[in-house]
Structure formats: structure tokens, C-alpha cells
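Each remark here refers to the structure printed beneath this line.
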Amino acid sequence: MPRIQLTTDVQAVPEAVFDASLDVGTHTESMGTSAERAVGGVTTGRMGAGDTVTWEARHFGLPWRMTVRISEYRRPDGFTDEQTRGPFRHWRHEHRFTAHPAEPSATVMHDVIDFTAPMGLVGKLVASLVLRPYLRRLIARRNAYLARTLGAVSSLRQVR
């Protein structure tokens, strides 16, 4: 199963980063390159435990639709969203927020994404060669947007 791990330092306290990460409007703004928008479930405001949202977007020039549910919610430490309907055979995105060890007013944001593409062996190849790098860039762009919005980015690290 492909895994993506990203770590982003944000100049804001964990509560602020947690809340911004669950805000539908902030998510939509951060995904401008794919014209992502909420079309079902929670479509405005902040999502909470058990909430679902259906996102519509364009990726690779094609329309995509994905419904996720907030399956774990531990404010301000983290939350997990999991696909309930959409293009992936499996999608689980864990968001964790910890106080920065050297800066009390900053947060270390950790993303861990596990996903599986449909279509067996062909899907595995597409996931490895195309989807994983594309999704890593997409989430890194979103994280950079959050960091810019909430404060200055002190660093953006990617872990393979």
C-alpha cells in the first residue's frame, strides 16, 4: 500500500492549525489548482467528529468526486479522514499536530496518507508512478498554504 508522509512546521499553536485543517473554506482555498469544492455533507464551516464531506475536483483533467468521513477526532492532537466513496479502493489520511519542541507558539503538522488504487496490478503501477508523487505535491501545496495563512513557514520537510 503506498504511503505518503509529510511534516510541516507552522507558526501557530496546535489548536489553530487543527481548526484550520478542518475548515471547509480553508480547504477549498488551499486546493485552488484543482478547483476542489464541497458538494455534499458539511459544505461550510468546520467539520467535526463523524462528519462527512463530498469533494468535487479536477485532477489530470478529469472530474473526481470523493466522500470522506472524520473517523477519529482528538482536538487539538489530530484527526483522521477516511474515504467512504470515491476513486480509491482505500484512502486514510491521518493528521497529527504537536507543539514544536523549540518554539512554544508553533506546531509540527504530520500527515500520513495510506491509499490503494483500484484495478489490481495496473492500479499499483499507476499509484506508485503517478498518484503517489502527484498526491505528495498536492498535500505539500495545501500544507504550505495553511502555513502561510496561519503564520510564516519555518520549514517544509518531506519524508519518503
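The values are calculated or read from the model by the stated rules, or taken from the named source; none is laboratory data. Note that the structure is predicted; figures quoted are calculated from it, not measured. No Cβ is skipped: glycine too gets one built from the backbone with ideal geometry, and neighbour counts run over all protein chains shown. Accessible surface areas use protein heavy atoms only, side chains included; no ligands, DNA or RNA. Shrake-Rupley method; radii C 1.70, N 1.55, O 1.52, S 1.80 Å.
For the reader, a short list of remarks on this structure follows.
- Qualifying residues in the stretch 32-59 (those that are in a loop (DSSP other than H, G, I, E, B) and without any contact (Cβ under 8 Å) to a residue 24 or more places away in the chain) - the one most open to solvent (accessible area, probe 1.4 Å): Thr44
- Index of the failed condition, Ala20 passing every other in (1) surrounded by 18 or more Cβ atoms within 10 Å (Cβ to Cβ); (2) under 16 Å from Phe115 (Cα atoms); (3) among the small types (Gly, Ala, Ser): (2)
- Evaluated against (1) in contact with a Pro (Cβ under 7 Å, 6 or more places away or on another chain); (2) modelled with pLDDT under 95, Arg89 falls short on exactly one condition, (2).
- Boolean, Phe88 is part of a strand (DSSP E or B) and farther than 22 Å from Arg46 by Cβ: no
- Breaking point among (1) more than 16 Å from the chain's Cα centre (by Cα); (2) within 19 Å of Asp9 (Cβ to Cβ); (3) in contact (Cβ under 8 Å) with a residue 24 or more places away in the chain, for Leu146: (1)
- Qualifying residue in the stretch 136-156 (condition: among the aliphatic types (A, V, I, L, M), open to solvent by less than 20 Å² (accessible area, probe 1.4 Å), out of contact with any Pro (no Cβ under 8 Å at 6 or more places or on another chain) and part of a strand (DSSP E or B)): no
- Among the residues of the stretch 60-82, those that are surrounded by 14 or more Cβ atoms within 10 Å (Cβ to Cβ) and either of a type in the set (A, V, I, L, M) or under 21 Å from Val130 (Cβ atoms) (or both) comprise Trp64, Met66, Val68, Ile70.
- The residue list Glu15, Glu29, Glu72 contains one member that is in a strand (DSSP E or B), acidic (Asp, Glu) and in contact (Cβ under 8 Å) with a residue 12 or more places away in the chain, which is Glu72.
- Residue count for the stretch 107-121 satisfying the condition of being closer than 19 Å to Asp19 by Cα and outside any strand (DSSP E or B): 0.
Conditions tested, residue by residue: (1) in contact with a helix residue (DSSP H, G or I) (Cβ under 7 Å, 6 or more places away or on another chain); (2) without any contact (Cβ under 8 Å) to a residue 12 or more places away in the chain; (3) open to solvent by 20 Å² or more (accessible area, probe 1.4 Å).
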residue: His90; (1), (2), (3): no, no, yes
residue: Glu94; (1), (2), (3): no, no, yes
residue: Ala99; (1), (2), (3): yes, no, yes
residue: Ala102; (1), (2), (3): no, yes, yes
residue: Ser105; (1), (2), (3): no, no, yes
residue: Met109; (1), (2), (3): yes, no, no
residue: Ala117; (1), (2), (3): yes, no, no
residue: Gly120; (1), (2), (3): no, yes, yes
residue: Lys124; (1), (2), (3): no, yes, yes
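- Single residue of Ala35, Ala57 found to be touching a Phe, Trp or Tyr at 6+ places or on another chain (Cβ under 9 Å) and not β-branched (Val, Ile, Thr): Ala57
- Of all the residues in the stretch 1-13, those that are in contact with a Ser or Thr (Cβ under 9 Å, 6 or more places away or on another chain) and open to solvent by 20 Å² or more (accessible area, probe 1.4 Å) number 4.
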